[in-house]
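The values are calculated or read from the model by the stated rules, or taken from the named source; none is laboratory data. In this text the structure is predicted, and so the values were computed from the model without any measurement. Every residue, glycine as well, gets a Cβ built from its backbone with ideal geometry; the counts of neighbours run over all protein chains shown. What goes into the accessible areas is simple: the full protein's heavy atoms, side chains included, and nothing from ligands, DNA or RNA. Shrake-Rupley method; radii C 1.70, N 1.55, O 1.52, S 1.80 Å.
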Amino acid sequence: MNTATVVPIEHVLVLAAVLFTLGLTGVLVRRNFLFLLISLEIMMNACGLAFVAGGARWAQADGQIMYMLILTLAAAEVAVGLGLVLQLERRFGNLDIDAANELNG
Amino acid sequence: MEVTLFYIAAAVALATTALVITRTNAAHALIYLIVSLLSIAVIFYLLGAPFAAALEVVIYAGAIMVLFLFVVMMLNLGRGSVEQERGWLHPRMWIGPGLLTLVLFLEMVFMIAGNPLATSGVPVTPKIVGQTLFGPYLLAVELASMLLLAALIGSFHLGRRYMHARREMTE
């Protein structure tokens, strides 16, 4: 493989960092619980991209295994998070996360 | 050439992710997020990780996003959503994601034709990934299964109470 045509690892990591920052911005600026979960997905996906890029750079399988563990974590988080979305909608009638600041018991 | 493909897919990913966090309608945001995940899958393939690319499409863009869409549609039930549905079918709703997906599709056609690989030049095949996963990382697999079991019980608990209340409401 001609090394001159290879994507620099820095560019992939910069892309992952920008995607992570976009997800973090979403978590900070949105107050809809559904959009909060979507932004968390973006952040975890960016982490996975960084892992896969690292694994591809050194031709090791560890990066993809870390990506699969992140995928598992994302699936678990979404299952519980969407259950909480349904509860929030039932109790408050909307998905505004500020409405849940006095949730007790 | 694969460098150019990487930058096109990266631009699509960044544009769609920026659109996701600025949408007000959850369904539109989810469609853009699916396009973003597909572009990340293209990048995975370019990086020589075909198994991760397949997982990204099947589990992330397939299963997890469908879960999100199910909840969005459940919450929209009984709110006179006929006009809303009609609005979703308006061309300005789907022409943006459609065109960006077309870019990814053209990239995929090009890759299948030329079959380029990027980064270290040595693709990490699914065989190596599987051997490593069930070799040194066996404990991590067990821990992941415990995490999924906990998530299953937690989501069942939360969702069961929701369905019970909904049944009472309709009776």
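Please determine, by comparing only the residues of the stretch B:1-12 that are at the interface with chain A (Cβ under 10 Å from one of its Cβ atoms) and among the hydrophobic types (A, V, I, L, M, F, W, C), which one is most open to solvent (accessible area, probe 1.4 Å). Only one residue tops the list, namely B:M1.
Looking at A:L71, A:L86, just one residue is farther than 25 Å from B:L138 by Cβ, at the interface with chain B (Cβ under 7 Å from one of its Cβ atoms), of a type outside the set (F, W, Y) and surrounded by 19 or more Cβ atoms within 10 Å (Cβ to Cβ), and that residue is A:L86. Tell me whether the stretch A:35-47 contains one or more residues that are buried (at least 19 other Cβ atoms within 10 Å of the Cβ) and small (G, A, S). Yes; the residues of the stretch A:35-47 include at least one that is buried (at least 19 other Cβ atoms within 10 Å of the Cβ) and small (G, A, S).
Hey, does the stretch A:50-68 have a residue that's on the phi < 0 side of the Ramachandran plot, free of Cβ contacts under 8 Å to residues at least 40 places away in the same chain, hydroxyl-bearing (S, T, Y) and crowded, with 21+ Cβ neighbours inside 10 Å? Yes, the stretch A:50-68 contains at least one residue that is on the phi < 0 side of the Ramachandran plot, free of Cβ contacts under 8 Å to residues at least 40 places away in the same chain, hydroxyl-bearing (S, T, Y) and crowded, with 21+ Cβ neighbours inside 10 Å.
So is B:I64 under 24 Å from A:L88 (Cβ atoms), at pLDDT 90 or above, β-branched (V, I, T) and within 20 Å of the chain's Cα centre (by Cα) or not? When the stated conditions are applied, B:I64 passes them. Is it true that some residue in the stretch B:84-103 is at pLDDT 85 or above and open to solvent by less than 50 Å² (accessible area, probe 1.4 Å)? Yes, the stretch B:84-103 contains at least one residue that is at pLDDT 85 or above and open to solvent by less than 50 Å² (accessible area, probe 1.4 Å).
Every condition in (1) over 18 Å from B:T24 (Cβ atoms); (2) assigned to a loop (DSSP other than H, G, I, E, B) is met by A:A50 except one, and the failing one is (2). Looking at A:E77, A:E89, can you tell me which residue is part of a helix (DSSP H, G or I), among the charged types (D, E, K, R) and under 11 Å from the mean Cα position of the chain (by Cα)? Answer to the check: A:E77. Looking at A:L19, A:L15, A:L34, just one residue is in contact (Cβ under 8 Å) with a residue 60 or more places away in the chain, within 30 Å of B:I8 (Cα to Cα) and facing chain B (nearest Cβ under 7 Å), and that residue is A:L34. When the stretch B:22-68 is limited to residues that are part of a loop (DSSP other than H, G, I, E, B) and within 20 Å of B:L99 (Cβ to Cβ), the one that is farthest from the other protein chains (Cβ to nearest Cβ) turns out to be B:N25. For the stretch B:111-122, the candidate set comprises residues that are open to solvent by 50 Å² or more (accessible area, probe 1.4 Å) and modelled with pLDDT of 60 or more; within that set, the residue that is nearest to the chain's Cα centre (by Cα) is B:I112. Number of residues in the stretch B:13-44 that are open to solvent by 10 Å² or more (accessible area, probe 1.4 Å), within 15 Å of the chain's Cα centre (by Cα) and not hydrophobic (A, V, I, L, M, F, W, C) equals 2.
Among the residues making up the stretch A:12-31, a single one is buried (at least 18 other Cβ atoms within 10 Å of the Cβ) and either touching a Lys or Arg at 6+ places or on another chain (Cβ under 7 Å) or outside any helix (DSSP H, G or I) (or both): A:R30.
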